[in-house]
Amino acid sequence: MTLRGVDDRSFFTSMALAALAVVFLGFATSYYLWPITRATHLPTGRPISPSFPLIVHLHAAGFSAWILLLLAQVRLVAAGRTDLHTRIGLVAACLAPFLVITGLMTAVHGARGGWTPAGGPFVDALGFMVVPVGDLVVFSALVVAGLAFRRRPDIHKRLMLLATVGGLLPPAATRTPLLAGWPVGLVIFIVLVLAPAARDFLCRAQPRWLGLLVGLCILASIPIRTLVGMSTPWRAFAAWLVG
């Protein structure tokens with residue numbers, strides 16, 4: 001085992017733990033610990049619903065399971081249990097479509113309820129729906145690419161990590177207490193997205209350009225989504241989805 005191998009495993013474990021922490025902190029007040037806190041508002045000031053439909057619970061369960069699976073998969077590789085890692089990978093491959101379907105249905109539910117963050121660039125919920133739908137597109141594209149490169153561990157693990165960070169963490173990052181809101185939440189998101197590339201360049205890892213390219217594409221999608229969300233074709237499509 002090389003020093004680089006040890007550092008590599010430590011880094012991916014740290015990133016998985018960071019993702020888990022962001023998810024828990026972001027949704028602790030409004031979901032995970034809500035029966036205890038009984039919070040009435042998000043850190044951004046938006047009211048918290050005292051009840052959620054079944055689709056939101058299903059999405060939350062799948063989302064939470066994915067984050068835990070990411071940590072488990074990283075630790076299995078670190079322990080040399082690639083055989084078990086491969087078998088559990090089949091579970092993750094089946095879970096990904098479930099996340100996309102429930103994520104889209106949750107986005108539609110939010111749009112029907114008029115959900116849009118205060119102070120954002122979107123005038124209403126139809127425009128804002130491009131954000132969660134864009135997250136799902138990022139997640140789906142990178143998971144499919146990660147599965148396609150499953151026989152290339154160096155590429156596979158970076159794509160799966162960036163699929164999670166780039167596609168699933170934005171909602172949690174913008175809800176984390178003390179960090180909530182677009183400016184700070186966006187900074188946290190940028191740091192997490194570019195962390196793999198920064199680490200790869202520092203360690204001169206072989207696929208270092210991959211992390212940078214994918215990370216920059218994820219970040220570039222943010223202003224692109226804003227422009228799309230304000231367009232007439234998107235609003236017509238969103239209205240059709242919402243029904």
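Criterion applied to VAL187, VAL214 was being surrounded by fewer than 19 Cβ atoms within 10 Å (Cβ to Cβ), of a type in the set (Val, Ile, Thr) and in a helix (DSSP H, G or I), and the one residue passing it is VAL187. So, in the range 77-93, how many residues would count as being assigned to a helix (DSSP H, G or I) and either among the basic types (Lys, Arg) or open to solvent by less than 30 Å² (accessible area, probe 1.4 Å) (or both)? Total satisfying the criteria: 4. Being modelled with pLDDT under 85 and under 12 Å from the mean Cα position of the chain (by Cα) is a description that does not apply to ALA163. Just one residue in the set ALA39, ALA16, ALA61 is more than 28 Å from GLY243 (Cβ to Cβ) and without any contact (Cβ under 8 Å) to a residue 12 or more places away in the chain; that residue is ALA39. Would you confirm, using the coordinates I've provided, whether ALA18 is surrounded by fewer than 18 Cβ atoms within 10 Å (Cβ to Cβ) and within 20 Å of GLY185 (Cβ to Cβ)? Spelling it out, ALA18 is indeed surrounded by fewer than 18 Cβ atoms within 10 Å (Cβ to Cβ) and within 20 Å of GLY185 (Cβ to Cβ).
Inside the range 190-211, residues that are open to solvent by 20 Å² or more (accessible area, probe 1.4 Å) and free of Cβ contacts under 8 Å to residues at least 40 places away in the same chain make up a count of 9. Looking only at the range 44-59, decide whether some residue is within 17 Å of the chain's Cα centre (by Cα), hydroxyl-bearing (Ser, Thr, Tyr) and more than 19 Å from ALA148 (Cα to Cα). Looking for residues that are within 17 Å of the chain's Cα centre (by Cα), hydroxyl-bearing (Ser, Thr, Tyr) and more than 19 Å from ALA148 (Cα to Cα), one finds none in the range 44-59, hence no. Across the range 44-58, the qualifying residues are those that are touching a residue at least 24 places away in the same chain (Cβ under 8 Å) and outside any loop (DSSP other than H, G, I, E, B), and the one among them that is most open to solvent (accessible area, probe 1.4 Å) is LEU58.
The values are calculated or read from the model by the stated rules, or taken from the named source; none is laboratory data. Just so it is clear, the structure is predicted and the values come from calculations on it, not from any experiment. Note that each Cβ is placed from the backbone with ideal geometry, even for glycine, and that neighbours are counted across all protein chains shown. Surface areas here come from the heavy atoms of the whole protein model, side chains and all, with no ligands, DNA or RNA. Shrake-Rupley method; radii C 1.70, N 1.55, O 1.52, S 1.80 Å.
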